[in-house]
Amino acid sequence: MIDAGSQALSADIFAGQPGDADLLAAIYDLEHDAVSEDLAFYRRLVRRTRGTLLDLGCGSGRLFRPFLEGGASGVRGIDGSPALLRRAELRITSDQTLADAAAAGRLSVELGDVRRPPKGRWRWMMAVGVLPHLDGPEAAVRMLAAAAGRLAPDGRLVLDDIGPGGMPVRDLPLSLDWERDLDGRSVIRRSQLTRRESPDGLRVDYLTMTDAVRPDGTIARLPARFRLWYPSQSVLEGLLDEAGLAIELTYGSHDLEPLDAESDRRIVIAMRRR
């Protein structure tokens, strides 16, 4: 129900979390690489108008391939987690399409902060699962205003997060999410959440507990806690306006369904306000 998403602040997504950051990043990939329903959406979206693309909070680069297949002339990914960027570099070297793009100077990753995107003018700026990690309106409007200043005149910013229909309606106790295999070893993930309504949206305290079998047969227990923020639609619209952005399109799914109160996703495509 809750999407951990890609956190790209100046702080590492795994900073302050007990345990091995590289193992946490591998488990992150184990969960997120199973997501495929958005790949065709991003391939088609970028194909509409090809150009340079900045992936804000790129994580380990799950979307690099559809961006390039859609015709992006160049892709740069930034993230605040060194461990996830190491996973991104591994993904690039193990995928011939990505490796060729990197060798041609069309794909790169770097440590960065979504509130301070790199200089340049970008046709596409993607922020998939980023907004909930920004801790509130102040940080969000900083990111949105910075993005507005980096968009090309015909550029678009894409926000893609959990929709109203995917929000928890009550607190959830610690329970099993999934059990999967990582390099022949079992990984079990449990989670719990508590929620709080606020004037600026829904606040969620999200705790995960992951048990991973080490090569020596012992079990590593990896707790992690995320404080997530999901702005209401009216608050988000106000923040976009304050940042100098206007909404061009909204979708409630990667199949281009209309956004409504039952939508599992909230996809917003914004442009600089004229």
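Which value, in nm² and rounded to one decimal, describes the direction-averaged projected area of the C-alpha convex hull of the stretch 70-157?
Numbers: hull surface 24.6 nm².
Reported value for the Cα convex hull: 6.2 nm².
Taking each pair of different alpha-carbon atoms in the stretch 88-228 once, compute 1/r for the pair, average those values, and report the inverse of that mean as the Kirkwood hydrodynamic radius in Å to one decimal.
18.5 Å
If you filter the stretch 130-176 for trypsin sites (Lys or Arg not before Pro), then keep DSSP loop positions with at most 16 other Cβ within 10 Å, what is left?
Taking the stretch 130-176 and a limit of 16 other Cβ atoms within 10 Å, the loop trypsin sites (Lys or Arg not before Pro) found are Arg170.
Rg/Rh for the chain: what does it come to with C-alpha atoms and Rh from Kirkwood?
0.95
Over the stretch 123-274, what is the percentage of antiparallel beta bridges among all DSSP beta bridges, to the nearest 5? Don't skip to the end; give the middle numbers.
Working: 45 of 50 bridges.
Percent antiparallel among DSSP bridges in the stretch 123-274 is about 90.
Please turn the phi angles of the stretch 247-255 into ³J(HN,Hα) values with the Karplus equation 6.51 cos²θ - 1.76 cosθ + 1.60 (θ = phi - 60°), one per residue in order, whole Hz, x for glycine and proline.
Those phi angles translate into 6, 9, 9, 9, 9, x, 6, 6, 9 Hz.
If packing is taken as the average count of other Cβ atoms within 10 Å, what order do 98-105, 25-32 fall into, highest mean first?
25-32, 98-105
Quote the FRET efficiency, to the nearest 0.05, computed for Ala152 versus Ile219 with a Förster distance R0 of 41 Å and r equal to the Cβ-Cβ distance.
Plugging the Cβ-Cβ distance into 1/(1 + (r/R0)^6) gives 0.25.
Rounded to the nearest percent, how much of the accessible area of the chain (1.4 Å probe, protein heavy atoms only) is carbon and sulfur?
On the way: 6030 of 12090 Å².
Roughly 50 percent of what the probe reaches on the chain is carbon or sulfur.
What are the residues whose amide H is under 5 Å from the amide H of Trp122, where those residues sit 5 or more places off or on another chain and H is modelled from the backbone?
Result for Trp122 returns Leu151, Ala152.
Sort the stretch 127-209 into rounded, prolate or oblate with this rule: let a ≥ b ≥ c be the square roots of the eigenvalues of the Cα gyration tensor; rounded if a/c is under 1.5, and if a/c is not under 1.5, prolate when a/b is larger than b/c, oblate otherwise.
It is oblate, given that a/c is not under 1.5 and a/b is not larger than b/c.
Mean separation of Cα pairs under 8 Å and 6+ residues apart, divided by the residue count of the chain: what relative contact order is that in percent?
18 percent
Can you say what percent of the DSSP beta bridges in the chain, counting only those with both residues inside, are antiparallel? Round to 5. Please list the in-between numbers first.
Numbers: 45 of 65 bridges.
Counting DSSP beta bridges with both partners in the chain, the antiparallel share is about 70 percent.
Return the FRET efficiency for the residue pair Ser232, Arg44: r is the Cβ-Cβ distance, R0 is 25 Å, and the value is rounded to the nearest 0.05. List each step's numbers first, then the result.
Details: r = 29 Å, r/R0 = 1.14.
So the FRET efficiency works out to roughly 0.30.
Please say if the stretch 222-274 is rounded, prolate or oblate, where rounded means a/c under 1.5 for a ≥ b ≥ c the square roots of the C-alpha gyration tensor eigenvalues, and otherwise the choice is prolate for a/b larger than b/c and oblate otherwise?
It is oblate, given that a/c is not under 1.5 and a/b is not larger than b/c.
So with the 1.4 Å probe, I'd like the accessible area per residue for the chain, rounded to whole Å². Could the numbers behind the result be given before it?
Working: 12090 Å² over 274 residues.
Counting only protein heavy atoms, the per-residue value for the chain is 44 Å².
How would you rank 189-195, 69-75, 159-165, highest first, on the average number of other Cβ atoms within 10 Å across their residues?
Descending packing order for the listed peptides: 159-165, 69-75, 189-195.
Tell me what the chain gives for mean residue ellipticity at 222 nm when only DSSP H runs of n ≥ 4 count, each as -39,500 (n - 2.57), the sum divided by the residue total, rounded to 500 deg cm²/dmol.
Details: 7 runs with 73 residues, N = 274.
The helix-only estimate for the chain comes to -8000 deg cm²/dmol at 222 nm.
Could you run the Karplus curve 6.51 cos²θ - 1.76 cosθ + 1.60 with θ = phi - 60° over the stretch 156-169 and give me ³J(HN,Hα) per residue in whole Hz, x for Gly and Pro?
So the Karplus estimates, Gly and Pro as x, are 9, 9, 10, 10, 9, 9, 4, x, x, x, x, 6, x, 9 Hz.
Convert each backbone phi in the stretch 122-127 into a coupling constant with the Karplus relation 6.51 cos²θ - 1.76 cosθ + 1.60 (shift: θ = phi - 60°), then list the ³J(HN,Hα) values in order as whole Hz, x for Gly and Pro.
10, 6, 10, 10, 9, 10
Could you work out the relative contact order of the stretch 127-250, using alpha carbon pairs under 8 angstrom and six or more residues apart, expressed as a whole percent?
Worked out over the stretch 127-250, it gives 27 percent.
The values are calculated or read from the model by the stated rules, or taken from the named source; none is laboratory data. Keep in mind that this is a model prediction, so the values were computed, not measured. Methodologically, a virtual Cβ is constructed for each residue, glycine included, from the backbone with ideal geometry; neighbour enumeration extends over all protein chains shown. Only protein heavy atoms, including side chains, enter the accessible area calculation; ligands, DNA and RNA are left aside. Shrake-Rupley method; radii C 1.70, N 1.55, O 1.52, S 1.80 Å.
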